[in-house]
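This report refers to the structure that appears directly beneath it.
We did not get these values from a lab; they are worked out from the coordinates using the rules stated. What you see is a predicted model, and the numbers here were worked out from it, not measured in a lab. All Cβ positions, glycine included, derive from the backbone under ideal geometry; neighbour counts span all protein chains shown.
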Amino acid sequence: MIVIGASSAFAINAIIGNIFHADAHTWRYMMTVAVLPSIALFFGMLRMPESPRWLVLKGRESEALDVLRQVRSEERAVAEMSEVRALAEEAKMEQEGTLREVMATKWMRRLLFIGIGLSISQQLTGINSMMYYGELVLQDAGFTHEVALIVNVFNGLASVSAILIALKWIIDRFKRRTILLVGFIGTSTAHLLMGILGTQLDLGNPARPWLLLVTIVTFVFIMQATQGPLVWLMVSEIFPLKSRGAMIGVSVFMLWTTNMLVSLFFPIMQSALGFGTFFVFAGLGVLALGFIYKFVPETKGHTLEELEEHFKETLS
């Protein structure tokens, strides 16, 4: 849903940008449109009941059953309560472990290190620099402002199609490590090509913007079909149930912190290095490949319990 929202935003911005052109208030129109779904969500949430699992966690089982009755038949609602209780018990166990316990246990410390490494590596591909600044990069490639807004829609379409392909044909078919390694090889190669095309082709070359567009869209597609969704999946798979809440929290915090730093420094690097910035991303991708090859375990085909026992034996 995130990539569908981003793709929709690219399309809407392209329409607004081409209607109002270089109007000084164009960005305000774009932000106003973005507020509308938020308003709809706000009023929709006012009517949204609490989740049955949360209610069971708080000991309010009768209310949980009432919520289920709103969307299920009476028999189905009663039968589903046992599943909700099991999920609530699992959620309670996830909250039992503390970060202090994680840091005091060698094998869990190693897993936390792997989870943080995966999270940081995903963001150091620079995917969100293209999501946030794609239109500006395309202008640097040689497109006009209006055309850059239009062709930036291809990044959104690549994201949506790649996610759908990954969910249907990639993630459950191939080994996790293989997908990650192939993904980082692909994104690093795309970065290298972006750097070469952007620094070696003259700005007046009519083929330059289109070659860079194809390379950028290819990068986005590879990223969203491989390490984009897979890192989120692996972070939830490698951590033991008891401490999963704390460990996922730290990993996701590091992911968004890296996202913030990349977003902050990308315009500065782009201004100083131009398309040479993508050589930096290519180098970071090579480092990520080494990290994955040496440290990241395979999780496909194993239950969470099997993985926990395996990590205890191999990482202690």
Seminar exercise, completed: Two pseudo-spin positions, 7 Å from Cα along C-beta at Leu136 and at Asp172, lie apart in nanometres by 4.1 nm
Exercise. Per the Kirkwood treatment, what hydrodynamic radius in Å, one decimal, follows for the range 1-105 from the mean inverse distance over all distinct Cα pairs?
Worked result: 18.0 Å
For this session: Please work out whether the range 95-152 counts as rounded, prolate or oblate from its C-alpha gyration tensor, where a ≥ b ≥ c are the square roots of the eigenvalues and a/c under 1.5 means rounded, while otherwise a/b larger than b/c means prolate and anything else oblate?
Result: prolate
Problem set entry | Anchor Lys92: lysines whose Cα lies under 19 Å away (excluding residues fewer than 8 positions away in-chain) | Lys58, Lys242
Problem set entry | Cα centre as origin, Lys/Arg/Asp/Glu Cβ charges: the chain dipole, Debye | 420 debye
Exercise. Per-residue HN-Hα couplings for the range 304-313, Karplus 6.51 cos²θ - 1.76 cosθ + 1.60 at θ = phi - 60°, whole Hz, x for Gly and Pro?
Worked result: 4, 5, 4, 5, 4, 5, 4, 5, 4, 6
Problem set entry | Loop-located trypsin sites (Lys or Arg not before Pro) in the range 97-195, at most 15 other Cβ atoms within 10 Å (DSSP) | Arg173, Lys175
Problem set entry | Principal semi-axes in Å for the range 218-268 [√(5λ), Cα gyration tensor, largest first] | 25, 17, 4
For this session: Grab the DSSP H runs of the chain that are 4 residues or longer, score each as -39,500 (n - 2.57), total them, divide by all residues and round the 222 nm result to the nearest 500 deg cm²/dmol.
Result: -26500 deg cm²/dmol
For this session: Evaluate the relative contact order of the range 52-93 (contact order divided by residue number), counting alpha-carbon pairs under 8 angstrom at least 6 apart; express in whole percent.
Result: 48 percent
Exercise. What order do you get for Ser161, Ser119 when you list them from fewest to most C-beta neighbours inside 10 Å?
Worked result: Ser161, Ser119
For this session: Report the full-extension gain for the segment Met93 to Met31: residue separation times 0.36 nm, less the Cα-Cα distance, to one decimal in nm.
Result: 18.2 nm
Exercise. If you rank Met45, Met93, Met223, Met260 by fewest surrounding Cβ atoms within 10 Å, what's the result?
Worked result: Met45, Met260, Met93, Met223
Exercise. How many nm separate the modelled label positions at Trp210 and Val252, each set 7 Å beyond the Cα in the direction of the Cβ?
Worked result: 4.4 nm
Exercise. Is the range 134-193 rounded, prolate or oblate when judged by the Cα gyration tensor, a ≥ b ≥ c being the square roots of its eigenvalues, rounded requiring a/c under 1.5 and prolate requiring a/b larger than b/c?
Worked result: oblate
For this session: For the range 198-211, just list the computed ³J(HN,Hα) in residue order, Karplus coefficients 6.51, -1.76 and 1.60, θ = phi - 60°, integers in Hz, with x standing in for Gly and Pro.
Result: x, 9, 9, 8, 5, 4, x, 5, x, 7, 4, x, 6, 5
Seminar exercise, completed: Ile185 and Ile39 label points (each 7 Å along its Cα→Cβ direction) are spaced in nm at 5.1 nm
For this session: Take every Cα pair under 8 Å in the chain that's 6+ residues apart, average their separations, divide by the length, and report that relative contact order as a whole percent.
Result: 27 percent
Exercise. Classify the chain: rounded, prolate or oblate, from the alpha-carbon gyration tensor (a ≥ b ≥ c, eigenvalue square roots; a/c under 1.5 rounded; otherwise prolate if a/b is larger than b/c)?
Worked result: oblate
Exercise. What list of ³J(HN,Hα) values in whole Hz, one per residue of the range 286-294 in order, does the Karplus curve 6.51 cos²θ - 1.76 cosθ + 1.60 (θ = phi - 60°) give from phi, with Gly and Pro shown as x?
Worked result: 5, 4, 5, 4, x, 4, 5, 4, 8
For this session: Please give the length that would be gained between Tyr293 and Met103 if that part of the chain were fully extended, namely 0.36 nm times their separation in residues minus their C-alpha to C-alpha distance (nm, one decimal).
Result: 66.0 nm
Problem set entry | Full-stretch length increase - Arg85, Thr314 - with 0.36 nm per residue and alpha-carbon distance subtracted | 79.1 nm
Exercise. Which of Thr226, Thr258, Gly245 sits closest to the plus end of the dipole of the range 167-308, meaning its Cα is farthest towards the positive end, when Lys and Arg get +1 and Asp and Glu get -1 on the C-beta?
Worked result: Thr226
Problem set entry | the range 52-93, dipole about Cα centre (Lys/Arg Cβ +1, Asp/Glu Cβ -1), debye to the nearest 20 | 140 debye
For this session: Between the alpha-carbon centers of the range 93-116 and the range 142-171, tell me the distance in whole angstrom.
Result: 37 Å
